[in-house]
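Step one of this worksheet: look at the structure below.
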Amino acid sequence: MSRNVVMGVTGGIACYKAADVVSRLKKEDIEVDVIMTENACEFVNPLTFRTLSKNPVVTSTFAVPEAWKVGHVALAQKADVMLIAPATANVIGKVACGIADDMLTTTIMASKAKIVFAPAMNVNMYENPVVQENIARLKRLGYLFVEPAEGLLACGDTGKGRMAEPEDIVDYVTGLLDDINGSCAEKDLAGMKILVTAGPTVEDIDPVRYISNRSSGKMGYAIAEAALRRGADVTLVSGPVSLSCSEAINRINIKSTQEMLEACQKAFENSDIVIKAAAPADFYVANRSQHKIKKTGGSMQLELSKNPDILETLGREKAGRILVGFAAETQDLEEYAREKMVRKNLDMIVANNVAVPGAGFDNDTNIITIIKATDNSMANYEKMSKAEAADIILNHVTELIKK
């Protein structure tokens with residue numbers, strides 16, 4: 001099975017994350033060759049990538065090749081996927097305009113592999129209409145993008161432009177490789193329409209403050225990506241998170257619990273399977289202020305009212321659909337999970353003890369217990385990546401489909 005990634009590293013502070021990407025790809029038994037631009041070498045020594053990839057690192061078009069082959073052509077032919085991470089505005093602009101003036105851009109031009117960009121730049125650069133037009137042009141031409149995240153940038157600004165996290169980039173690339181190599185060739189969810197929810201919801205206190213929870217959305221996004229790889233038509237209703245997903249996923253961004261309920265009810269009509277991995281806020285602020293609350297006086301009192309229960313609402317309306325819920329608990333895990341499964345009319349529940357290190361919110365790993373209503377069975381799993389947990393959850397879902 002061919003699993004070759006040629007990784008282009010361009011000049012940006014996110015180069016340090018690129019080293020982590022290479023390390024994670026190697027741990028997946030993927031062959032990695034690295035091309036560094038001249039500017040990238042100012043941020044990270046090529047020896048770092050040579051050590052991590054266990055392959056020579058190309059830094060110049062005119063470097064003497066290790067074997068007598070034309071360098072950019074050889075690497076272009078070797079690649080199953082070309083990943084450019086970080087991808088600066090400069091390299092995005094060059095490729096969009098067909099410019100090939102260094103080893104990286106000539107290799108991109110010579111390659112018939114899937115090309116994936118992971119942009120990283122200042123928020124103002126990213127939002128510049130020229131950059132956005134270049135990105136749009138490349139997308140129209142079939143180039144792929146792992147969307148940058150929002151947050152504090154190295155320059156001190158805040159906004160969208162931070163390179164996606166290494167684990168998210170690697171999940172995206174491994175998914176592409178799986179599709180290329182047909183490792184999910186059976187497509188056991190082909191023809192199924194799956195609705196997945198992910199992340200937290202937020203409830204405004206005033207225009208600048210809100211209440212929420214620690215959900216990162218990583219479990220829901222992993223399930224959505226795994227379902228897509230297995231052939232499903234996936235709709236993802238997502239709360240505010242700093243994650244990206246495949247463009248083939250129909251992503252619906254929401255903010256509040258009420259908005260998530262409305263989006264789910266609309267998508268529910270055309271869904272065969274619903275996996276509700278989100279952690280919506282149980283309460284909303286009834287005395288929300290229309291203006292920023294000033295710090296006058298000694299305290300502030302919030303009046304909280306109960307939000308609608310999305311899972312319970314869908315459970316009353318499921319009408320033959322498969323409905324899967326999650327239970328995040330800190331004690332009496334099995335008891336509470338079984339009670340929730342019955343009360344909300346679920347076919348299956350995925351439970352985890354969020355008090356245990358490595359499980360639950362804001363982790364890259366999870367420790368899950370799966371309970372099915374059909375046969376009252378329970379399966380416990382040790383700590384694993386959320387990508388692995390996603391496939392295990394879907395394996396159990398396919399068993400429900402067969403019954």
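The values are calculated or read from the model by the stated rules, or taken from the named source; none is laboratory data. Note that this is a predicted model, so its numbers are computed, not measured. Counting neighbours? That spans all protein chains shown, and the Cβs are built from the backbone with ideal geometry, glycine included. With ligands, DNA and RNA removed, areas are computed over all heavy atoms of the protein, side chains included. Shrake-Rupley method; radii C 1.70, N 1.55, O 1.52, S 1.80 Å.
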Requested in this report: Out of the residues in the stretch 365-403 that are loosely packed, with under 14 Cβ neighbours inside 10 Å and in contact with a helix residue (DSSP H, G or I) (Cβ under 8 Å, 6 or more places away or on another chain), state the one that is farthest from Ala232 (Cα to Cα).
Outcome: Ala379
Requested in this report: Determine which member of the set Leu141, Leu152 is surrounded by fewer than 19 Cβ atoms within 10 Å (Cβ to Cβ), among the aliphatic types (A, V, I, L, M) and touching a helix residue (DSSP H, G or I) at 6+ places or on another chain (Cβ under 9 Å).
Outcome: Leu141
Requested in this report: Would you confirm whether any residue within the stretch 317-329 is over 16 Å from Leu195 (Cα atoms), in contact with a helix residue (DSSP H, G or I) (Cβ under 9 Å, 6 or more places away or on another chain) and of a type outside the set (Asp, Glu)?
Outcome: yes
Report summary line: Looking across the stretch 270-303 at residues that are without any contact (Cβ under 8 Å) to a residue 12 or more places away in the chain and hydroxyl-bearing (Ser, Thr, Tyr), the single one that is nearest to Leu189 (Cα to Cα) is Ser299
Report task. Please give the number of the condition Ser271 fails out of (1) at pLDDT below 95; (2) open to solvent by less than 40 Å² (accessible area, probe 1.4 Å); (3) part of a loop (DSSP other than H, G, I, E, B); (4) not hydrophobic (A, V, I, L, M, F, W, C). Result -> (1)
Report task. Consider Ala319 carefully, then state whether it is under 28 Å from Glu165 (Cα atoms) and of a type outside the set (Phe, Trp, Tyr). Result -> no
**Report entry** Asn124 being among the polar types (S, T, N, Q), over 19 Å from the mean Cα position of the chain (by Cα), open to solvent by 10 Å² or more (accessible area, probe 1.4 Å) and under 24 Å from Gly93 (Cα atoms)
**Finding:** yes
**Report entry** Subset of the stretch 231-268 that is of a type in the set (Gly, Ala, Ser) and under 14 Å from the mean Cα position of the chain (by Cα) - its residue that is surrounded by the fewest Cβ atoms within 10 Å (Cβ to Cβ)
**Finding:** Ala248
Report task. Kindly indicate the residue of the stretch 204-218 that is touching a strand residue (DSSP E or B) at 6+ places or on another chain (Cβ under 6 Å) and open to solvent by less than 50 Å² (accessible area, probe 1.4 Å) and also nearest to Ile275 (Cα to Cα) among those meeting that condition. Result -> Gly217
**Report entry** Given (1) modelled with pLDDT of 95 or more; (2) within 25 Å of Asn181 (Cα to Cα); (3) buried (at least 20 other Cβ atoms within 10 Å of the Cβ), number of the condition Asp20 does not satisfy
**Finding:** (3)
Report summary line: So, first residue at positive phi in the stretch 138-167, second residue β-branched (Val, Ile, Thr), Cβ within less than 7 Å, six or more apart or across chains; the pairs are Gly151/Thr158; Gly159/Val123; Gly161/Val123
Report summary line: Scanning the stretch 2-16 for residues that are within 20 Å of Met121 (Cα to Cα) and open to solvent by 20 Å² or more (accessible area, probe 1.4 Å), the one farthest from the chain's Cα centre (by Cα) turns out to be Gly11
Query raised in the report: Hey, any hits in the stretch 113-121 for a residue that's over 18 Å from Met36 (Cβ atoms) and out of contact with any strand residue (DSSP E or B) (no Cβ under 6 Å at 6 or more places or on another chain)?
Result: no
